[in-house]
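Enquirer: This is the structure I have questions about; it appears just below.
The values are calculated or read from the model by the stated rules, or taken from the named source; none is laboratory data. Because the structure is predicted, anything quoted here is derived from the model rather than measured. Using ideal geometry, Cβ is built from the backbone for each residue, glycine included, and neighbour counts are taken over all protein chains shown. Accessible surface is based on the protein model in full, side chains and every heavy atom, while ligands, DNA and RNA are left aside. Shrake-Rupley method; radii C 1.70, N 1.55, O 1.52, S 1.80 Å.
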Amino acid sequence: METNPIALDESEEGVVVVLVEGEHDIYTAPTLRERLEEALGRGGGVVVDLTGATFMDSSILGALLDARRRAQEAGTGFVVYVDADVEPGVQRILDITGLVPVLPVVNGRDDALAAVRETQDPPAAASPG
Amino acid sequence: MIERPEVRLSMPARAEGVGVVRQALAGMADALAIDPGILADMKMAVTEACTNVVVHAYTDREDEGASGTLDVDLLADEAALTVAVRDEGSGLDSPGGKPALGLGLPLIAALSDEFEVRDRDGDGGTEVLMRFLYTREQDPAEAHPIGETGWEPPVDPE
């Protein structure tokens, strides 16, 4: 079993949730980039769950910012979320870098799913409205 | 270099070593009963300094298999923990150029109570010295906001 897993949760319709758990830095950033790539490749919205992350550094922020840019280019929704129990160090790096409104970072999975579906370009035909 | 550090780590400058440095830091902080919030700042700042060594210090070396060294000293005095992160690389003007995000030094400034980056005498390389007070009168992130370092988050194209 991996100590610091990054998994894709595809149980939500039209959205892939990337679960980031444990400690993440320059060593695991390439894995995160791969998973984000995979999630973006599904064509729907992408939500990143940081509620289980215990540490992250600027390499991880770089991976998230790159994924956000690629999502924007593709017209795909991209939202990061934490919750009230998020590791203080994770919240702090998001706060002091001013990235909360940029990524953006919202509170809780429901808000993240709602936000990503809102920013998502409507699919060509499938959606009723 | 710190004279007579409590802990001296020396390892190949590879990505997997940065987590080992954080473990050592956490062990030291535990022994000193350091506030968890201050430990979180230490971990982040020291991680950024070590990452700079791993990513930038040895970019001019031709043989990728032979990485240089990452050296870390920890010294606890009555008021603060001092951490020195050293490399034997080509210095701050190395051809590795600008880091991907450029956030390393701004984060170190925002999360430590004092810091200094200096060229090492004689044998080359760079040393980053960081000092973390056990009790803070001011949040260093307020004293040295990242927004004042010239670093800016990316702006949307529209």
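Enquirer: Tell me, what is the per residue accessible area of chain B in Å², probe radius 1.4 Å?
Expert: Counting only protein heavy atoms, the per-residue value for chain B is 51 Å².
Enquirer: How long are the three semi-axes of the equivalent ellipsoid of the protein assembly as shown, in whole Å, if each is the root of 5 times an eigenvalue of the C-alpha gyration tensor, listed from largest down?
Expert: 36, 21, 17
Enquirer: What order, most packed first, do the peptides A:38-49, B:3-14 have when packing is the mean number of other Cβ atoms within 10 Å of each residue?
Expert: A:38-49, B:3-14
Enquirer: Compute the separation of the alpha-carbon centres of region A:64-86 and region A:1-25 and state it in Å as a whole number.
Expert: 13
Enquirer: Roughly how crowded by other chains is peptide A:87-99, in terms of the mean Cβ count from those chains within 10 Å of each of its Cβ atoms?
Expert: Mean inter-chain Cβ contacts per residue within 10 Å come to 6.
Enquirer: If you take the accessible area of A alone, add that of B alone, and subtract the area of the pair, what total do you get in Å², probe 1.4 Å, to the nearest 100?
Expert: Working: alone 7010 and 9020 Å², together 14110 Å².
Approximately 1900 Å² gets buried when A meets B.
Enquirer: Within a 10 angstrom radius of each residue's Cβ in A:21-30, how many Cβ atoms of other chains show up on average? Whole number is fine. Don't skip to the end; give the middle numbers.
Expert: Numbers: counts 0, 0, 6, 1, 12, 13, 8, 3, 3, 1.
The shielding value for this peptide is 5.
Enquirer: With an 8 Å Cα cut-off and a minimum separation of 6 or more residues, compute the relative contact order for chain B in percent.
Expert: Here the relative contact order equals 25 percent.
Enquirer: If you average the sequence gap of Cα pairs under 8 Å that are 6 or more apart and divide by the length of chain A, what percent do you get for the contact order?
Expert: On the way: 221 pairs, mean separation 30.2, N = 129.
Over chain A, the number comes to 23 percent.
Enquirer: Largest first and to the nearest Å, give the Cα extent of chain B along each principal axis.
Expert: Taking max minus min along each principal axis of the Cα atoms, chain B gives 50, 44, 28 Å.
Enquirer: Count, for each residue of A:101-110, the Cβ atoms from other chains sitting within 10 Å of its Cβ, then give me the mean as a whole number.
Expert: Numbers: counts 1, 5, 1, 0, 0, 0, 0, 0, 0, 0.
Per residue, the average neighbour count from other chains is 1.
Enquirer: How large is ³J(HN,Hα) for each residue in region A:13-29, as worked out from phi by the Karplus curve 6.51 cos²θ - 1.76 cosθ + 1.60 (θ = phi - 60°), to whole Hz, x for Gly and Pro?
Expert: Whole-Hz 3J(HN,Hα) from phi for region A:13-29: 5, x, 9, 9, 9, 9, 8, 10, 10, x, 8, 9, 8, 4, 6, 9, 4.
Enquirer: Return the sequence-ordered ³J(HN,Hα) values of region B:10-15 in whole Hz as given by the Karplus equation 6.51 cos²θ - 1.76 cosθ + 1.60 applied to θ = phi - 60°, using x for Gly and Pro.
Expert: Listing the rounded values in order: 9, 8, x, 6, 10, 4 Hz.
Enquirer: Right, here's the next one. What residues in region B:19-52 lose 50 Å² or more of accessible surface when the other protein chains are added to their chain alone (1.4 Å probe)?
Expert: B:ARG22, B:MET44
Enquirer: What list of ³J(HN,Hα) values in whole Hz, one per residue of region A:65-73 in order, does the Karplus curve 6.51 cos²θ - 1.76 cosθ + 1.60 (θ = phi - 60°) give from phi, with Gly and Pro shown as x?
Expert: Going residue by residue, I get 5, 5, 5, 4, 5, 5, 5, 4, 4 Hz, with x marking Gly and Pro.
Enquirer: Now a separate question. Give me Rg over Rh for region A:6-119, both radii from the alpha carbons and Rh done the Kirkwood way, two decimal places.
Expert: 0.92
Enquirer: Give me the percent of the accessible area of region A:6-119 that comes from carbon and sulfur atoms, probe 1.4 Å, all protein chains in place.
Expert: For region A:6-119, the apolar C and S fraction of the accessible surface comes to 47 percent.
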